[in-house]
1. Going through B:ALA98, B:ALA120, B:ALA159, B:ALA69 one at a time, which residue ends up being in contact with a Leu (Cβ under 7 Å, 6 or more places away or on another chain), more than 16 Å from ligand 4 (Cβ to nearest atom) and over 29 Å from B:GLU304 (Cβ atoms)?
2. In region D:100-113, which residues are outside any strand (DSSP E or B) and in contact with a Phe, Trp or Tyr (Cβ under 7 Å, 6 or more places away or on another chain)?
3. When residues of region C:131-155 are filtered for being in contact with a Phe, Trp or Tyr (Cβ under 8 Å, 6 or more places away or on another chain), more than 16 Å from ligand 2 (Cβ to nearest atom) and touching a residue at least 24 places away in the same chain (Cβ under 8 Å), how many remain?
4. For B:ASP84, state whether it is facing chain D (nearest Cβ under 8 Å), of a type outside the set (Ser, Thr, Tyr) and under 24 Å from the mean Cα position of the chain (by Cα).
5. Quick one: how many residues across region C:61-84 are within 14 Å of another protein chain (Cβ to nearest Cβ), within 19 Å of C:GLY144 (Cβ to Cβ) and in contact with a helix residue (DSSP H, G or I) (Cβ under 6 Å, 6 or more places away or on another chain)?
6. Looking at D:ARG261 and the list (1) outside any helix (DSSP H, G or I); (2) under 20 Å from the mean Cα position of the chain (by Cα); (3) buried (at least 16 other Cβ atoms within 10 Å of the Cβ), which single condition is not satisfied?
7. Quick check on region C:37-46. Is at least one of its residues modelled with pLDDT under 95, hydroxyl-bearing (Ser, Thr, Tyr) and out of contact with any Pro (no Cβ under 6 Å at 6 or more places or on another chain)?
8. Sort through B:THR55, B:THR49, B:THR82, B:THR40 and tell me the only one that's of a type in the set (S, T, N, Q) and touching a helix residue (DSSP H, G or I) at 6+ places or on another chain (Cβ under 6 Å).
Amino acid sequence: MKDSRYIRAIGEGLAEELDRDDRVFMLGEDLVDAGPFSVTRGLAERFGTRRIRNTPISESAFLGLAVGAAIAGLRPIVEVMTMDLFTVCMDPLVNHAAKMRYMFGGQYSVPLVVLTATGAGVGAGPHHSQSLEAWFAHVPGLKVVMPSTPYDAKGLLKAAIRDDDPIIYAWHKGLLSRMGQVPEEEYTVPIGVADVKREGSDVTIVATGLMVHQALSAADGMEEAGISAEVVDPRTISPLDTATIVASVKKTGRLVVVHEAVKDFGIGAEVAAVVAEEAFDYLDAPIKRIGLPFTPIPFSRNLENALLPTADHIARAAREACGVPVEQ
Amino acid sequence: MKDSRYIRAIGEGLAEELDRDDRVFMLGEDLVDAGPFSVTRGLAERFGTRRIRNTPISESAFLGLAVGAAIAGLRPIVEVMTMDLFTVCMDPLVNHAAKMRYMFGGQYSVPLVVLTATGAGVGAGPHHSQSLEAWFAHVPGLKVVMPSTPYDAKGLLKAAIRDDDPIIYAWHKGLLSRMGQVPEEEYTVPIGVADVKREGSDVTIVATGLMVHQALSAADGMEEAGISAEVVDPRTISPLDTATIVASVKKTGRLVVVHEAVKDFGIGAEVAAVVAEEAFDYLDAPIKRIGLPFTPIPFSRNLENALLPTADHIARAAREACGVPVEQ
Amino acid sequence: MGFSNERFVGMYRSLLLLRKLEEKAVEMTMTGQLWGWLHSYLGQEAVAVGVCAHLRNDDFVASTHRGRGHFLAKGLDPKRMLAEVLSRQDGVCGGKGGEIHIADWERGIIGSTGIVGGILSTATGVAFACQYQGTDQVVTCFFGDGASNQGSFHESLNLASVWQLPVLFVCENNGYGEFTRQQDSMRVTDIAIRAQAYDIPGVVVDGDNVLTVSAATEEAVARARSGAGPTLLECKTHRWLGHYTGDPQGYRSKEEMEECRRTDPIPRFQNHLMEKGLLTEEAAQQIEEDVDREVAAAVEFALDSPMPLPETALTDVYSKAP
Amino acid sequence: MGFSNERFVGMYRSLLLLRKLEEKAVEMTMTGQLWGWLHSYLGQEAVAVGVCAHLRNDDFVASTHRGRGHFLAKGLDPKRMLAEVLSRQDGVCGGKGGEIHIADWERGIIGSTGIVGGILSTATGVAFACQYQGTDQVVTCFFGDGASNQGSFHESLNLASVWQLPVLFVCENNGYGEFTRQQDSMRVTDIAIRAQAYDIPGVVVDGDNVLTVSAATEEAVARARSGAGPTLLECKTHRWLGHYTGDPQGYRSKEEMEECRRTDPIPRFQNHLMEKGLLTEEAAQQIEEDVDREVAAAVEFALDSPMPLPETALTDVYSKAP
Ligand SMILES: Cc1ncc(C[n+]2csc(CCOP(=O)(O)OP(=O)(O)O)c2C)c(N)n1
Ligand SMILES: Cc1ncc(C[n+]2csc(CCOP(=O)(O)OP(=O)(O)O)c2C)c(N)n1
Ligand SMILES: [Mg+2]
Ligand SMILES: [Mg+2]
């Protein structure tokens, strides 16, 4: 094991897979000069511009091109700079990548990874801060992963690149410089398997992306109040590992779901619905959901901060679920 | 009251509002010749091609154009032929129509109605059958309505045209020729208000679009088994009338949610989550959700039929919730 | 063109097969044997045949909702194609795709999709893979005049130009997008002029003449194969029927509907072959009978094929079943 | 151009205001007083000033992430603009928009958004409303060279052409989209050539010369106002700094970065005015002092303005609060 930053772990995952398999290549805006987030730093020098390509500002065409390349046997990794920008390229993803295998009767697969930055909190404003994973999770044929640690970031990325189906890999801008342990040796993290990031017995907190860390700090803070919180990180949003979530709730009897996307019609609703269906008899309290209020994300720092879910919100909800509310 | 077809009710709603207000106009492909679904039949003859316009096959630009026209004081109605085609025009809707009022500090509104056909069951295949309302319901700034009867179709349409914010109006292809009572006199159906389509005391069935009718027939069928089902049609998906739904579940103690969209991460999850949060103590059974299995929609009639939710599915779920399962 | 006589006669046969199979499909739609809508290719056959005459087996095509001509010309078995149009189990996509969504990867048919313009970038991507892997295969992407107003047209042609990809963009200009005339959706007469926006060749040909289509294609394919990049080829042609079978065509005059059949590519090519002495009356007769037999066999095969098993509705969503 | 002397001097003042306010904003970013990134307009001032000189108060502009020049030239109060860039309560959008998302409807500033190419269709829609309502207002839509590769460019220009809408598309070609050179994202040298795809005029001018920009705009605006439809005007200009403030510009040589300042529009125009006797040293001095005062006042105003109240984060989502 070694200590590594999240961004470094992503870079390593990319480099290792590019090294392993010539069919792997990358497309996106400004990748050669490492893009605004520097995720691809050093890759063009090492692998050349045949494999690390700058594109015109034509997301729809270059994502569609990647779909074609994937069908023809390559394994493209495409960067769509931020998740907000999928609005200009939903079609190659949703109507083509996701459905071509099915509608043509399984004649071919579309092994494609779409790398994208999600998340708010960095002053990027209404058009560069959205979390839209719920859209993609609702599309059969796609998979969606959201790593919260350097370990998961590298392991899920490598697994995604080796997977035969189209995958959205949404990393969080607020995690870029977060440190964590990463194995020295080769490993992958399986797609579709949740991770219990902290064990506990009183309440289950299901959290994704940056919110995993808010949930962990809320859980730490609740210890002194005598509440033992379990934090489950689905890691893969679709297919969702409902077994792990349901098992946790059966153990704790209480559920808080938290994500950074707007609460309404977000992935937290699916988690809550699954539990209300499959662990109903084990629930001791109403399910709580936490997410962004139903508004776009404003630019101003203090407005943004007024909206984003925090450890404090999570702790309050968890304590309320446990019948130990904080006095106001 | 008079008997009217769903399609006729939509056409009347359009004509009345075009007649009432010169700022109202329509854009879309082949509207002048009434489009493949004939929703706009007769309108070009009556209102001329200044107000009923054919567009090039450029959904992104003509929807964006409508956003600009709305900002500048007009009240556009845009047709995006089927809901599947939003994949090529999410940006003007999600990043522009939905957010411009907010991000510019409320300087203007974007009064825009986007008419679109949703739904499967007519052999339209994987690219013309999807129900994607969950995407739009997850976007702050947008509203979403889904009328299930001629009455609601006309009333919601007129209300939507008069509303100052962008609204997706998703009508169902399978309802086009459905008959129903429509008032002779002027009326609107308020946005954001659910309708209890059938009263009952044992189980609440929340259903949208075409599924309202499947739910009603399931409810009728359950009567002989002594189960009294209440059918709630939200009519507006966003903002969702959670008060009506929660009140119904508080009365019945049981909930089945059904929609035609794929079940996973669909709007049924939100309904279930809201109830699991707000009516938890009133629930006597696990919440059941019914929707399309997690697959694209195939072309073949018998494959399509194998996937679509039916009255039978609904009845089984409702009976199970009530503890009166059908023997297999 | 350095084609052998047999090759020319083969093209004639191909035109006839496209025509006759399509007439049959239209008839089956009108008589309710076909579920869904049919977007007839009648009248446009010279484009598919003229273009595909220059493609190798290992080259690729991408197609549209009006794609049966392209599929047949690229070698898709008429039986399995018709079975798919009838959404049967033995259809080339097992009944999941139907009329509009057809692929046959083994024959280099990438696919056709229901999103106008949607396949252009996919096709460009297959061309990218050819270049990336250093093969000399080329990709042909068919699309309509209406599709050239989609953003994907612009972005895909630009991308193909920037990377000089081996792709031939064939715009079948039949003058209509659904019920709307070309002149109501753009002010240019020749869509080929749009090639200038990407600094690639833009060529206009009579799309109802299989020889002019073929000659222009020969050049464009050679160009693509040699690494010199994409071409935009506009073929002016005619859609004999409505947008789909059953379209009442209130937007089109009777005269126009008759007029547009005047340039029928089949008698034109037949006359040419006969004048050149490449085809005799007897040979033509023989070919026609042969094609009739093939069409009849396809119809029989398709109608005999069962509907797909309901449980197959759940397969093929992912590469590995969960 | 039939401009009065005052008008020319006003343009000079405007250039100076854009430059100096922008220098200040860059400085404030480098010193951490500004939250977020800043996309500097330094070097491109002649485009905004030359174009907006021909717009009436009731005309419209739509802008980009690099929009401060357009806003000021169209009359946005520097105070309220800078306050928005600093995301303060008195910002023209109440701090919700910030640097990239600014509108001032009262001054005909439709808005700028974070989606490259996204505003082109919106702007076209405002032009549609002008035509629909029979006014003679015109809309100018600014965008970059990189944006011309987006599908929205293609679709919007085509739509504006089909309906002959009163809109002027101004492409500010600064040779880069973020860190990528124009020649790596398209093979055409002049983006204006793309106008041919829509049968509208495409004009190329030296964008660092306020007079050539102004002359071309005059013609295009007159055209639009008279109902003759859209124009694509390409202004070749230079982005002095990186894509955003702090961009290390590893992709650009030192020489290029120095070289690109050679065509500085301000001394060029100043010399011209002085040669023509329209500006004296003293007048220039006076204007500069005046502009300095205005910039200082804007800075003071913006820094004095409080951060927006947290509860305003929840307002303005819908027209009526639920
Ligand atoms: C993005 C999109 N918009 C609209 C449609 C509906 N539609 C199907 S075919 C068609 C016309 C296409 O015209 P053209 O490209 O000229 O092809 P043709 O039908 O003439 O072969 C339209 C508008 C669609 N399928 N996809
Ligand atoms: C659709 C979209 N793709 C990518 C980006 C990221 N991005 C922001 S500015 C920019 C470059 C734009 O280049 P250009 O249009 O030439 O304008 P300039 O920055 O040179 O003024 C890019 C790629 C974005 N905001 N939107
Ligand atoms: Mg056509
Ligand atoms: Mg630029």
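The values are calculated or read from the model by the stated rules, or taken from the named source; none is laboratory data. Please read all numbers here as calculations on a predicted model, not as lab measurements. Don't worry about glycine lacking a Cβ; one is built from the backbone with ideal geometry, like all the others, and counts go over all protein chains shown.
1. Exactly one of B:ALA98, B:ALA120, B:ALA159, B:ALA69 is in contact with a Leu (Cβ under 7 Å, 6 or more places away or on another chain), more than 16 Å from ligand 4 (Cβ to nearest atom) and over 29 Å from B:GLU304 (Cβ atoms), namely B:ALA98.
2. Initial filter on region D:100-113 (outside any strand (DSSP E or B)): D:100-103, D:105-108, D:113.
Result: D:HIS101, D:ILE102, D:ALA103, D:TRP105, D:GLY108.
3. Final tally of qualifying residues: 11.
4. Details: facing chain D (nearest Cβ under 8 Å): no; of a type outside the set (Ser, Thr, Tyr): yes; under 24 Å from the mean Cα position of the chain (by Cα): yes.
For B:ASP84, the condition - facing chain D (nearest Cβ under 8 Å), of a type outside the set (Ser, Thr, Tyr) and under 24 Å from the mean Cα position of the chain (by Cα) - is not met.
5. The qualifying residues number 4.
6. Only one criterion in (1) outside any helix (DSSP H, G or I); (2) under 20 Å from the mean Cα position of the chain (by Cα); (3) buried (at least 16 other Cβ atoms within 10 Å of the Cβ) is unmet by D:ARG261, namely (3).
7. No, the conditions are met nowhere in region C:37-46.
8. Answer to the selection: B:THR55.
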